[in-house]
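Colleague: This is the structure I have questions about; it appears just below.
The values are calculated or read from the model by the stated rules, or taken from the named source; none is laboratory data. Note that the structure is predicted; figures quoted are calculated from it, not measured. Heads up, the Cβs are rebuilt from the backbone with ideal geometry, glycines too, and the neighbour counts pull from every protein chain shown. Just so you know, the surface numbers come from the protein's heavy atoms only, side chains and all, with ligands and any DNA or RNA stripped out. Shrake-Rupley method; radii C 1.70, N 1.55, O 1.52, S 1.80 Å.
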Number of protein chains: 2
Amino acid sequence: MASRTATRLVHPPREELEFTRVMAALSDPVRLAIVARLADAGSDGELACSTFALPVSKSTQSGHFKALREAGVIQQRDEGTRRLNRLRTDDLDARFPGLLDLAVPQGRDVVAGWA
Amino acid sequence: MASRTATRLVHPPREELEFTRVMAALSDPVRLAIVARLADAGSDGELACSTFALPVSKSTQSGHFKALREAGVIQQRDEGTRRLNRLRTDDLDARFPGLLDLAVPQGRDVVAGWA
């Protein structure tokens, strides 16, 4: 998929993370669920978009991943036809200590509510 | 002002505060500035809406106070023609510990940027 691998994925550097954008990114239950899944991903902490069983359309899902990436909450990279996601734990903990500790349990509650 | 004192001010109880709504309420610089001003209000911690010198129109300001109240971030009460505001520190610290500690300094930065 040349079009996908050619996509330029923009990530704000740690020092440019904006509190208001991160808060907005974490103000949605689906995005909180994504954050919790990534926080609990273990080993390398990387998950392909296709592995998230989210109760929303594919395009809505893509929008949520994009919002998280542009706010600096997740790191995305393309590998072949897969888009891989990782939580920017170190960056978020450095800039807004304690925020992920609040958000991750909230996301787990969202996921539990879907089960 | 009978019409104002007759207004029913709705406040969600502590146990019904929603993380996503609180995050959304705190995702705006003007609302963060209001939160910081209230956090630094001292003594009884109560400030009239009219005392906030916010760089937005009166109606926009009212909308921000309403968003904060409906999310459960502030408590409002009318006294004569004044609407008084107080930060719901205890409720927020109980439900989302550490969140105000992150938000208040961000709000102070916003206020400092206006000076």
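Colleague: To one decimal in nm, how far is B:G113 from the same spot in the other copies, if labels go 7 Å from Cα toward Cβ? Please give the shortest first.
Modeller: Values, ascending and in nm: 3.1.
Colleague: Under the √(5λ) rule applied to the eigenvalues of the Cα gyration tensor, what semi-axes describe the equivalent ellipsoid of the protein assembly as shown? Give them in Å, descending.
Modeller: 37, 18, 16
Colleague: Further question on the same structure: If you place +1 on the Cβ of every Lys and Arg, -1 on the Cβ of every Asp and Glu, and leave all else neutral, what size is the dipole of the protein assembly as shown about its Cα centre, to the nearest 20 Debye?
Modeller: The dipole magnitude comes to about 840 debye.
Colleague: Under a point-charge model restricted to the Cβ atoms of Lys and Arg (+1) and Asp and Glu (-1), what is the dipole moment magnitude of chain A relative to its Cα centre, in debye to the nearest 20?
Modeller: Working: 16 positive and 15 negative charges, 100 e Å.
About 480 debye.
Colleague: In square angstrom, rounded to the nearest 10, how much accessible surface does B:C49 have for a 1.4 Å probe?
Modeller: B:C49 has an accessible surface of roughly 30 Å² with all protein chains in place.
Colleague: If you don't mind, there's one more thing I want to ask. If you draw the axis that swings chain B onto chain A, which residue of B has its Cβ closest to it, and how far is that in whole Å?
Modeller: Residue of B nearest the axis onto A, distance in Å: B:G98, 2.
Colleague: Which lysines have a Cα less than 27 Å from the Cα of B:K66, not counting those fewer than 8 places away in the same chain?
Modeller: B:K58
Colleague: Treating the point 7 Å from Cα along Cα-beta-carbon as the label, what are the nm separations from A:D101 to the other copies, to one decimal?
Modeller: 0.7
Colleague: Going by accessible area, probe 1.4 Å, with all protein chains left in place, what is the ranking of B:T20, B:T89, largest first?
Modeller: Putting B:T20, B:T89 in descending order of accessible area: B:T89, B:T20.
Colleague: Sticking with this structure for a sec: Using just the Cα positions, wrap region B:56-115 in a convex hull and report its mean projected area in square nanometres, one decimal place.
Modeller: Spelled out: convex hull of the Cα atoms, projected over all directions, averaged, 4.9 nm².
Colleague: Ignoring everything except DSSP H segments at least 4 long, calculate the 222 nm mean residue ellipticity for chain A; use -39,500 (n - 2.57) per segment, divide by total residues, nearest 500.
Modeller: Value at 222 nm, helices only, nearest 500: -15000 deg cm²/dmol.
Colleague: Sticking with this one: Regarding chain A, what is the average projected area of its C-alpha convex hull, in nm²?
Modeller: 7.0
Colleague: B:P55 label points, 7 Å along Cα→Cβ, one per copy: pairwise distances from this copy to the rest in nm, shortest first?
Modeller: Computed spacing set for this position: 4.3 nm.
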